[in-house]
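Student: Right, I'll just put the structure down here and ask away after.
The values are calculated or read from the model by the stated rules, or taken from the named source; none is laboratory data. Given the structure is predicted, the values throughout are model-derived calculations rather than measurements. Because the Cβ atoms are built from the backbone with ideal geometry, glycine has one as well, and the counts that use them run over all protein chains shown.
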Amino acid sequence: MMKALPYLFATLLFIMNGPLAIAQSEVPGFTVKGVVLDSATQKPVEYATISLSTTDGTPVKATYTKTGGSFLLDKIPAGKHNLSVINIGYSTKIIVIDIKANTDAGKIIIAAQSRALSEVQVTATRPVVRQDVDRITYDIQADPDSKGQNMLEMMRKVPLISLDAGDNIRMKGSGDFKILVNGKPSGMMTRSPRDALRSMRASNIQKVEVITTPPAKYDGEGLAGIINIITNKRVDEGYNGDVGAYYITYESYGTWTDLNIKKGKFGATVYAEGFMRAGQNVGFKNSRQLGGQRVEQEGWNNGNRSSRGIYATTDLSYEIDSLNLLTGSIGFYPDIINRNSSQFVKLSGDTDQQYNLDNTEDYKRNALDLGLNYQLGFKNNKDRLLTASYKYMGAATDQDMY
């Protein structure tokens, strides 16, 4: 049954998304750039949120200012838009721009809030970036792009995070970091963060915390930092859930469902996603001379990007009383990665030869995570907690080549 599920998801998606795939087309759009400066010091303001919306308030794009206070928004449709600059400690500034071509908004000056105003000002647009002493937080839900991208693509927008040519994550240019999900280790993130993030819908993620000063318990690991991915959680009393399908590109489409249960002291959150990714074939052709013989090669390969699988997690909680809490987690991640290549080789010279080389590789992986946690609170100190945790992470792999 486990093998049949990915194919079932793919069949449903082909039926549901066939017309959608044809209807979607790339809209070129324009770019909007500028620089944000402090009114008093005339110095650049970093990590200020830049939000672009239509004149009726519909979000279009969001980003934040980089080093030097600069920002760039791309793929913006023509027309009048509101450009909002939001930063903690500053008054929100909104300017109207009429986009007919690539636009340079120039220097945008923002002023610090007065103490009286800071207590009553209400901003309709949520900032996408918040900077604290030990971390930078990127609000995924405040970014309009989260509605149509996977988390791997969204990670490119998170401060201090970058992706190399192989889509491997780097934090401040280093590979020495940990990825947590809701503050806890994840076996899938440990084994293959690229595949795990590519299979997660950004709309199911609340925010990403980039912790630049890890807690003392990580001192011995020499980490550059910690990435903590916080998922959406609904804790209303009762039952609620969603089911749907998505199509991002030919590389990422699937079906998903989530279920949330809260009944008295018991709570459960279940999320499951079946996904398909079709790696693009890359062709090659070359020739060379080896002594008196000419060697000609041509063919194709699809790299390491064609796969199908399931991403399923369950979080359970039981409040024994106001001071005692039991929580548990289950994660199951079966997937199959296909690598295919074909090559035609022709040898000409003293002897003429030609042959085909076809290679198919199936990499099957089943991963299981189990977690159990007990938390004890103290009446005389609400910030003091005693926790005991057990974590199991296991994986089985099978590789076939023919």
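Student: Within the range 348-397, track down each residue that is farther than 19 Å from residue 180 by Cα and of a type in the set (Val, Ile, Thr).
Tutor: The answer is 351, 360, 397.
Student: I'd like the full set of residues that are free of Cβ contacts under 8 Å to residues at least 24 places away in the same chain and of a type in the set (S, T, N, Q), limited to the range 352-389.
Tutor: Scanning the range 352-389 gives 353, 354, 356, 380, 381, 387, 389.
Student: Given the criteria more than 13 Å from the chain's Cα centre (by Cα), β-branched (Val, Ile, Thr) and at pLDDT below 80, does residue 243 qualify?
Tutor: No; evaluated as a whole, the condition is false for this residue.
Student: Take the conditions of a type in the set (Gly, Ala, Ser) and assigned to a loop (DSSP other than H, G, I, E, B) and apply them to residue 341. Does it pass?
Tutor: Judged against the criteria, residue 341 is not a match.
Student: Mind listing whichever residues of the range 161-195 are buried (at least 18 other Cβ atoms within 10 Å of the Cβ) and not charged (D, E, K, R)?
Tutor: 161, 169, 171, 177, 179, 181, 186, 187, 188, 189, 192, 193
Student: Quick check: anything in the range 330-347 surrounded by 13 or more Cβ atoms within 10 Å (Cβ to Cβ), under 30 Å from residue 377 (Cα atoms) and assigned by TED's automatic domain parsing to the domain that holds residue 273?
Tutor: yes
Student: What do you reckon, is residue 63 out of contact with any Asp or Glu (no Cβ under 6 Å at 6 or more places or on another chain), crowded, with 16+ Cβ neighbours inside 10 Å and of a type in the set (S, T, N, Q)?
Tutor: The answer is yes for residue 63.
Student: Among the listed residues 320, 337, 310, identify the single one that is modelled with pLDDT of 85 or more, touching a helix residue (DSSP H, G or I) at 6+ places or on another chain (Cβ under 9 Å) and either hydrophobic (A, V, I, L, M, F, W, C) or within 27 Å of residue 195 (Cα to Cα) (or both).
Tutor: The unique qualifying residue is 310.
Student: Among the residues of the range 27-36, is there at least one that is at pLDDT below 90 and under 21 Å from residue 146 (Cβ atoms)?
Tutor: The answer is yes; a qualifying residue exists.
Here's the yes/no breakdown for (1) modelled with pLDDT of 80 or more; (2) in the same structural domain as residue 331 (by TED's automatic domain parsing):
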{"site": "163", "(1), (2)": "yes, no"}
{"site": "173", "(1), (2)": "yes, no"}
{"site": "181", "(1), (2)": "yes, no"}
{"site": "191", "(1), (2)": "no, no"}
{"site": "208", "(1), (2)": "yes, no"}
{"site": "216", "(1), (2)": "no, no"}
{"site": "252", "(1), (2)": "no, yes"}
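Student: Report, by residue number, each residue of the range 79-113 that is within 30 Å of the chain's Cα centre (by Cα), crowded, with 16+ Cβ neighbours inside 10 Å and without any contact (Cβ under 8 Å) to a residue 60 or more places away in the chain.
Tutor: 81, 82, 83, 84, 85, 86, 87, 90, 92, 93
Student: Residue under question is residue 375, and the condition is that it be surrounded by 13 or more Cβ atoms within 10 Å (Cβ to Cβ) and among the polar types (S, T, N, Q); does it hold?
Tutor: Yes.
Student: Of the residues 75, 43, 66, only one is outside the structural domain of residue 147 (by TED's automatic domain parsing) and more than 28 Å from the chain's Cα centre (by Cα); which?
Tutor: After ruling out the rest, the residue left standing is 43.
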